[in-house]
Amino acid sequence: MKKIFLFLSLILFSTLASALALQTEENAVIRINQLGYTPNAIKVAVFGALESETINAFTLHDAQTDKVVFSSKTPEAKGAYGPFKSSYRLNFSTFNTLGTYYLSANGVKSPEFRINADVYDHTADFLLEYMRQQRCGYNPFLTASCHLDDGYILYNPDRIGERMDATGGWHDASDYLQYTATSANAVFQLLFAYRDNPEAFGDAYDVAGLPGPNGIPDVIDEAKFGMDWLKRMNPSTTEYYNQIADDRDHAGYRLPNKDTVVYDPNHKGRPVYLASGEQQGVLKYKNRSTGAASTAGKFASAFAIGAEVLSNFYPEYSKDLYQRAEDAFSYGEVHPGVSQTAPGGSPYFYEEDNWVDDMELAASSLYKLTGNEAYKKSALKYAAEEKITPWIGRDTILHYQYYPFLNAGHHELATALASEEKTEVVSYYQEGLQMLHERGKDNPFYIGIPFVWCSNNFLTAAVTQSKLYYNLTGDATFLEMEAALRDWLFGCNIWGTSMIVGLPNFGDTPVDPHSSLTLLEGYPTNGGLIDGPVYASIANSLIGVELHNADEYARFQSDLVVYQDDVGSYATNEPTMDGTASLVYYLAALENESRAKGHQKKSSTYDDTGAIVRGSTYHKRISLLFSADEYADGAEDILRILERHGIKGSFFLTGNFYRNKDFTPFVEQAKKAGHYLGAHSDQHLLYNEWTEDKKRLVTQEEFQNDLKANYSEMEKLGIQKEQAPYFLPPYEWNDNIITQWTDQMGITMINYSKGTLSHADYTTPDMKNYRSTEDIRDSVLTFEETYGMNGFMLLSHLGTHPDRTDKFYKTLDNLITILKERGYTFETLERTLNLKD
């Protein structure tokens, strides 16, 4: 959902788009980390000029006042790089005052950015949005199921053609293939991230991936979903399946629940490939498999860390994971070598050539789990056989030739060793980082990774390895490189764009990813780490790349490297599941660092449908919400009261209301006064029965059409959808499916804060649930005295039936005065829900 990053500082960054637009016509640009910088972080921006330019100084300005708050006469010249004829690193690390700023050099102005301890809050959770969207079987994003007939077995001579239940797991990228290599790594990375940084993760979704908390961190729900699939892919101690489907999947754009590819008319579902040393491929091409240890090792490490972490949440479920881990490790030792993914009619497949890193991680994880010295001995042996992950230092690498890109085994082993042995293993990380440092130190972005397919996955591995090394040693040698690699991901790169879809939502991020969901339905792939830039030589040689739109980054492309934000650019702009999962650890670690320095993360409260029902309780802020369909007798009084107190209210109005000409003057007046005007459904539909199970009364099409009609009426009055991202359901009654459908439309579901009777101001004396204005007012004040109302969203109505003569809005002035005296400020809904101020 967009629950988190819709709340970022929309007002603070309202000038970002115009700043970026201005830069498109300038000779030079200043690239920054769009998320911002933590106060004590290394802070470096990059100045790049398309024609040679010299700068001798730069300044940092307060964005509100334009006042210079920092200046430097020592920009570091880095020469030509990519499209830039000259470039400079602008280091302002010594400045650590919180605020919003921009940099200036030679008349070039950077986009605005923040310095604050909260800049990485919620980012790890945000990436999980893409993981949920990639689910196979039941897909919570689409609220639909796919590939339920998987699958029939290939390359197992004892079971060839048999049916096995392989439903579940994650689609690998924007196609629908599924690989154990990437999925097992993803499970490990998610559990690794939680184990080391548990407080970085929240709970806003249930185990099915639908909106609504379930008391378990979302990252654990996601890891367990992947683990469920790994168990199915390991039906016995001699069966470790490697892959579902093959490149016959590449049959055009389609949603997963509408996948019509038939692999074999004699079998239901898709083929399931056994991990083995047999060279596989049922069509034109075959892989170069030599064994099964690469796959078995990945199974073993995922099962081992699962036995450690998941047992805290699912003790019965986790009981067999330890044994599965041992069995998988043993199988890998008996079957050394790699089990590559199987190609079909095209030459592209995951050409993994290394496997000892997988066995090292498995042995290290089992040693940490059991304390068995035999596993330690094996881990040390494997670690010494591959000290440096082989992609480091190379320019030419086959697709996924050395995978995983991060050798987490060195970290797991080092954290379980005594001093001398630990020092030796840690030195392997140091050697690799030194090689990356030497490759990158002479360019402005400190980038030493190869720009091959999935370059962002290599970058994620490098920045994580740097973080792990620093945590193990305290050695600051590579921290500037780490900062540069981190900042590259969020916009301090040649193109000035983030490499994660939708992060941050106020900046330049990929909008046209290579995805059927985006192309066909306009759904964002929020949280997805895209493949990333590739060498120009690769970009110019790929089969089937055809841009759908003009390249907005055309002037920043070069003979060195290319990135294109286009659905047709499958080599640079396709989100990947495993890359996204692997980045979760690093972002969780950054948030954890801020917390260790005393930062307290703000968070919202959700109801069981996943609607936001309360903002952060960090501040004494209240937002006033008003809804209306057919009555508006309080409109004049309410606007006058809000103006008297200097309050911006939030009005959620139906399409019926917006269409009513009698109400147009109110809408225009409220809009002019700067109040929030939002949607409340077009026809004031009841979406669910008034029962505990909330049986749904509308189809998705009916819901979408109704909400679109609501926004259409708003647009006629000059209220754009982008100005009204929050939606209050009619009757304040919905379920989590309605919330998810809302999210698919790029809108965030909210509801009022429970505990008071303010919402009952519509009742009339003939109703059993009638509440007088005095009762309502007293309920608010009593609740505040007892529980406090920080972050509260207090709902009442713009008008009521004529039979109610006891109007609550008549006492609103007095109620506001009392709550102000108790220390509350009345803020806009956007500010109450903003987690970044």
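Each reported figure results from applying straightforward, stated rules to the coordinates on display, with no laboratory input. Just so it is clear, the model here is predicted, and its values are computed rather than measured. No Cβ is skipped: glycine too gets one built from the backbone with ideal geometry, and neighbour counts run over all protein chains shown.
Worth a mention:
- Relative contact order (percent, whole number), region 123-595, Cα cutoff 8 Å, 6+ residue spacing: 16
- Spatially proximal lysines relative to LYS67 (Cα-Cα < 24 Å; intrachain offsets below 8 disregarded): LYS43, LYS109, LYS836
- Cα long-axis angle, helix 180-196 against the chain (0 to 90 degrees, to the nearest 10): 60
- Spin-label proximity, GLU643 to region 773-815 - amide N less than 18 Å from point 7 Å beyond Cα toward beta carbon: 810, 812-814
- Simple label model, 7 Å out from Cα along Cβ direction - LEU98 to GLU668, nm: 4.3
- Annotation: peptides 356-368, 467-479, 254-266, 327-339, ranked by per-residue average of other Cβ atoms within 10 Å with the highest first, follow the order 356-368, 327-339, 467-479, 254-266.
- Amide H within-cut-off set for CYS146, under 5 Å, with H built and near neighbours excluded: GLY137, TYR138, ASN139
- Between SER346 and SER537, the C-beta separation translates, for a Förster distance of 22 Å, into a calculated FRET efficiency of about 0.65.
- Straight-distance crosslink candidates among lysines, where the alpha carbon sits under 28 Å from LYS224 and sequence neighbours closer than 8 are dropped: LYS2, LYS3, LYS258, LYS268, LYS298, LYS319, LYS368, LYS376, LYS467, LYS601, LYS602, LYS694
- Residue-by-residue Karplus 3J(HN,Hα) for region 148-163, coefficients 6.51, -1.76, 1.60, Hz, glycine and proline x: 6, 9, 5, x, 10, 7, 10, 6, 10, x, 7, 9, 4, x, 5, 7
- Reported to the nearest whole Å, the Cα centre-to-centre distance from region 354-419 to region 428-491 is 19.
- Region 605-833: relative contact order in percent, alpha carbon pairs under 8 Å with at least 6 residues between: 34
- Under 5 Å, built H, 5+ apart or other chain: amide partners of GLY99: ILE115
- If you take the Cα centroid of region 784-834 and the Cα centroid of region 146-221, the two points sit 44 Å apart.
- Using the Karplus relation 6.51 cos²θ - 1.76 cosθ + 1.60 with θ = phi - 60°, the per-residue 3J(HN,Hα) values for region 456-469 come to 5, 5, 5, 5, 4, 5, 5, 5, 6, 4, 4, 5, 5, 4 Hz, with x marking Gly and Pro.
- Only the Cβ atoms of Lys and Arg (+1) and of Asp and Glu (-1) were treated as charged; on that basis the dipole of the chain about its Cα centre amounts to roughly 1260 debye.
- Once C-alpha pairs closer than 8 Å and six or more residues apart are averaged by separation and normalised to the residue number of the chain, the relative contact order reads 13 percent.
- Sorted largest first, the principal axis extents computed over the alpha-carbon atoms of the chain equal 83, 68, 52 Å.
- At 1.567 mPa s and 4 °C, Stokes D of region 605-833 from Kirkwood alpha-carbon radius, µm² per second: 73
- Hz values of 3J(HN,Hα) by residue in region 689-699 - Karplus curve (6.51, -1.76, 1.60), Gly and Pro given as x: 5, 7, 10, 5, 7, 6, 3, 6, 10, 10, 7
- Reachable lysines, given that their alpha-carbon falls under 21 Å from the alpha-carbon of LYS671 and they are not under 8 places away in the same chain: LYS648, LYS661, LYS708, LYS716, LYS721
- Summarising the amide proton neighbourhood of ASN242: residues at separation of 5 or more, or on other chains, whose placed amide H is nearer than 5 Å comprise TYR273, LEU274, ALA275.
- Helix-only CD estimate at 222 nm, as mean residue ellipticity for the chain, using -39500 (n - 2.57) per DSSP H run (n ≥ 4): -10500 deg cm²/dmol
- Compactness of region 93-158 is given as radius of gyration and Dmax, 23.6, 72 Å, from Cα positions.
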